Amino acid sequence: MGRFLLRRAVNYLILVFLAATMTYFIAGTALEPIVNYLSKHPQPPMATIHNLLRAQNLDPNTPIVVRYWHWLTGVLQGNFGLTYNGDSVAAEMGRRIFVSTELLFLATIISAVSGVAFGAWNALRQYRPSDKASTVISYAILATPTVVIAVTLQTFDNWMGSPIQYIDLYDPSAHGAVAIVLSNLEHLILPTLTLWLIQVTLFSRFQRSTMLDVLQADYLRTARAKGLTYRQAVLRHGLRTAVIPVMPLLVYNIILLFTGATFTEIIFGWHGMGEWLVTSIQNNDVNATAAIGVFTAGLVLVAGLVSDLVYAALDPRVRA
Amino acid sequence: MTTTDASTLSQVEEPKVRRSRGRGALLVRRFARNRLALVGLGILVLLLVGAYVLPSFLPWSYTQNDWNALGVAPNASHPFGTNHPGVDMLALTMRGLQKSLVIGLVGGPLTTAVAALVGASAGYFGGWVDRILMWILELMLVVPSFLLLAIIAPRLSHGTWLIFVVVLAAFGWMITARVVRSMTQTLKDREYVLAARYMGVNPMVIIVRHILPNVASILIVDATIQVGAIVLSETGLSYFGFGIQPPDVSLGTLISDGEPDATTSPWMFFFPAGFLILMGLCTAFIGDGLRDAFDPTAAGAKARVKKAKGSSDQEPMVELASTSIVVEEGTAS
């Protein structure tokens, strides 16, 4: 098991390295940070622009390979360079990871638990009206872009007379720590609801189909035969087995959401990693884009390892 | 149920020439049994016809501005209202629907084709080819695809949507390819494949003629699901301005344009959004019906047996057919 994990880890590390390299080369050649200076009024002299860009390792006159090497040696020492407006990329990333974590923490926990529970419940009530209705609704939600879900929630809120505030992290007129925390929690409601709707649909569909397979299994009948009640048998022998195949999906989705909650973050004004992914490209910010590339690839690596570990923890057959 | 079983049996006993037609008829009948799938197909055809035929009957084209009606709510002359520059929303939505439908209907099958080719080659050749292809596949899964799409797509396509679709397909084939590969591995030692190989048939010909037809069912279902996936990623990219570029219009760009006014002028946002959801629902239902048609052991088929025994419920069951949504969803929340 240990050697297996180690080999996976090494393989993932090489993949992450290549993915980050690819991102840097594509971002470095396609994005044009020089535009940020050319659009300034008054426009600085060209020599100054190139000097400024060279100082940030962004000068298009320097060969991309040289820039890449400079960037790579910096990254290996923990230095991700500067953003387009001169801040440290690493500091900005730290701040944004914090914001994303706050946004995602509740949403992911609630969706994982309720998704598994809801899927299992639907499987137990297969072909009943509740199951049929939730099937059609899940199709509708899966066919809906996140933008539409988020904006629909906002519109509903406005029609109801705005009982829930949702713009930015908290109400700027709130005074005192308690008021700010409460306002912050209120502002979490709609984005959490958006993320929850999408995630819970996905998780519950998968949980439902794995649970349906398990409910037919012989060992569940054996468990009943040895005297367990239906409830005990389903919970202890059914659900536990049915959760295992859903675990990788859960882990991957939750971890990749760190840069994947782009739409939710932008629409609700949360300045997290997902928003940065889009704004860094719009601002021609090569260093930030490359850093996000490293971070996302790293997330895939972590997700892969965590899902292997969870799988091993839940499934005794893998541990052996 | 018994009547269908009997008719299938009688078809099997018919002469050879009729039998191949019998399979097609059987598939059609199984598909038609799933009522939601039929409805989905009907609506999709309606959408397709409407998107291409309706605009020529409308008094306003999507390039005209009605200067007397800037941003008005739905009324008799503008059933979907107009946007701020006074363009008729119905004409715009139909124009956007055209583009989104074409993108989905070209991009979905294209994604599946790439997946089929890569997966079948990896599975059939094995060895180094397999290792290299699978390694590329894993790399593509690790690469931040939304980020790269956002950088590449607008610069590569320069307003031509066809290249945009190719780029979308290039980032969406991985999961299906893995499934096709494992299916190919079980197929490649079958007698007919071995016979073809020993006769010296070109390996690519074997793949196209003997391997792919045997995984056709999963490919067809996957192609329908990919239609929805491609349209969703198009919408996402267009929302940020990385997708379809003006003067082209898609449902994604319309949703993006209408978003700031969604609460005050809902018609600018919710009409395009509604058509997008309708389209996605239809493809999902069709994919579901196709899967039931090709795979009688799937949950949908079992459902009907159960129903015939007791329950009076006649509505057909649907089951999520998609495993490919998973990855998309990770980057598209």
Shielding of A:146-158 by partner chains, average beta-carbon count, 10 Å | 5
Per-residue HN-Hα couplings for the range B:177-190 [Karplus 6.51, -1.76, 1.60; θ = phi - 60°; Hz; x = Gly/Pro] | 4, 5, 5, 4, 4, 5, 5, 4, 4, 7, 7, 6, 9, 5
Placing each pseudo-label 7 Å from Cα in the direction of the beta carbon, B:ASN65 and B:ARG209 end up separated by a distance in nanometres of 6.1
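A plus B alone minus the pair: what accessible area, both sides summed, probe 1.4 Å, in Å² to 100?
Buried: approximately 5100 Å² between B and A.
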Area accessible to solvent at B:LYS188, 1.4 Å probe radius, in Å² = 50
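With helices defined as uninterrupted DSSP H runs, which ones in chain A have an alpha carbon span along their own long axis of at least 30 Å and mean Kyte-Doolittle hydropathy of at least 0.0? Spell out each step's value before the answer.
Numbers: long enough: A:2-30 (41 Å, 1.14); A:89-124 (49 Å, 1.19); A:177-215 (50 Å, 1.08); A:286-314 (42 Å, 1.81).
Both cut-offs are met by A:2-30, A:89-124, A:177-215, A:286-314.
Compute the signed sum of charges (Lys and Arg +1, Asp and Glu -1) over the other residues within less than 11 Å, Cβ to Cβ, of B:LEU137.
Numbers: positive: B:ARG131, B:ARG178, B:ARG181; negative: B:ASP130, B:GLU138.
Here the charged neighbours net out to +1.
Based on the Cβ-Cβ distance of B:ARG190 and A:LEU106, what FRET efficiency does E = 1/(1 + (r/R0)^6) give at R0 = 51 Å, to the nearest 0.05?
Working: r = 52 Å, r/R0 = 1.01.
E between B:ARG190 and A:LEU106, to the nearest 0.05, is 0.50.
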Using a Förster distance of 30 Å, how high is the FRET efficiency between A:THR48 and A:SER88, based on the Cβ-Cβ distance and rounded to 0.05?
-> 0.85
In the calculated pair distance distribution of the range A:162-320, what percentage of Cα-Cα distances lie above 27 Å?
-> 48
Roughly how many Å² of A:TRP270 are accessible to a 1.4 Å probe, to the nearest 10?
-> 0
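Please compute the average number of Cβ atoms from other chains found within 10 Å of each residue's Cβ in peptide B:146-156. Don't jump to the answer; show the numbers that get you there.
Values: counts 7, 14, 8, 0, 7, 10, 2, 0, 2, 5, 1.
Across the residues of B:146-156, the mean count of other-chain Cβ atoms within 10 Å is 5.
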Label-point separation (nm) for B:ASN202 and B:PHE294, each offset 7 Å from Cα along Cα-to-Cβ?
-> 2.6
Shape of the protein assembly as shown, Cα gyration tensor, a/c cut at 1.5 = rounded
Hypothetical label at A:ARG236: residues of the range A:206-224 whose amide nitrogen lies under 16 Å (7 Å Cα-Cβ projection) = A:219-224
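Tell me whether the range B:73-178 comes out rounded, prolate or oblate; compute the Cα gyration tensor, take square roots of the eigenvalues as a ≥ b ≥ c, and use a/c under 1.5 as the rounded threshold.
prolate
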Taking the Cβ of A:ALA9 as the center, what net charge do the other residues with Cβ under 15 Å away carry, scoring Lys and Arg +1 and Asp and Glu -1?
-> +1
If a/c stays under 1.5 just call it rounded; otherwise compare a/b with b/c (prolate if a/b is bigger, oblate if not). Do that for the range A:264-320, with a ≥ b ≥ c from the square roots of the Cα gyration tensor eigenvalues.
-> oblate
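May I ask you to order B:173-186, A:209-222 by the average number of other C-beta atoms within 10 Å around their residues, highest value first?
Numbers: B:173-186: 20.1, A:209-222: 15.6.
Descending mean neighbour count gives B:173-186, A:209-222.
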Put a dot 7 Å past each Cα toward the Cβ at A:ARG125 and A:GLU32; how far apart are the dots in nm?
-> 5.8
The protein assembly as shown: calculated mean residue ellipticity at 222 nm from DSSP helix runs of at least 4, using -39500 (n - 2.57) | -23500 deg cm²/dmol
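Please compute, for peptide A:192-198, the average count of beta-carbon atoms on other protein chains lying within 10 Å of each residue's beta-carbon. Kindly include the intermediate steps, with their values, before the conclusion.
On the way: counts 0, 0, 1, 1, 0, 1, 3.
Shielding by partners across A:192-198 averages 1.
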What ³J(HN,Hα) values, in whole Hz, does the Karplus curve 6.51 cos²θ - 1.76 cosθ + 1.60 give for the range B:109-121 when θ = phi - 60°, with x put for Gly and Pro?
-> x, 5, 4, 5, 4, 4, 4, 5, 5, 5, x, 5, 5
If amide H atoms are built 1.01 Å from N in the plane of the peptide, which residues on other chains or at least 5 residues away come under 5 Å of the amide H of A:TYR127?
-> A:LYS132
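Subtract the Cα-Cα distance of A:VAL181 and A:LEU309 from 0.36 nm times their separation in residues, and report this length gain in nm to one decimal.
Details: separation 128, 0.36 × 128 = 46.08 nm, distance 3.53 nm.
Length gained between A:VAL181 and A:LEU309: 42.6 nm.
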The range B:21-304 accessible area per residue, 1.4 Å probe, protein heavy atoms, integer Å², reads 41
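Please arrange B:ASP248, A:ASP315 by accessible surface area, largest first, computed with a 1.4 Å probe and ligands excluded. Don't jump to the answer; show the numbers that get you there.
Numbers: B:ASP248 35, A:ASP315 10 Å².
My answer, sorted largest first, is B:ASP248, A:ASP315.
The values are calculated or read from the model by the stated rules, or taken from the named source; none is laboratory data. Bear in mind that the values here come from a model prediction, so they are computed numbers and not experimental data. In this analysis, Cβ positions are derived from the backbone assuming ideal geometry, glycine residues included, and neighbour counts consider all displayed protein chains. Note: accessible area is taken over every heavy atom of the protein model, side chains too, but ligands, DNA and RNA are not part of it. Shrake-Rupley method; radii C 1.70, N 1.55, O 1.52, S 1.80 Å.
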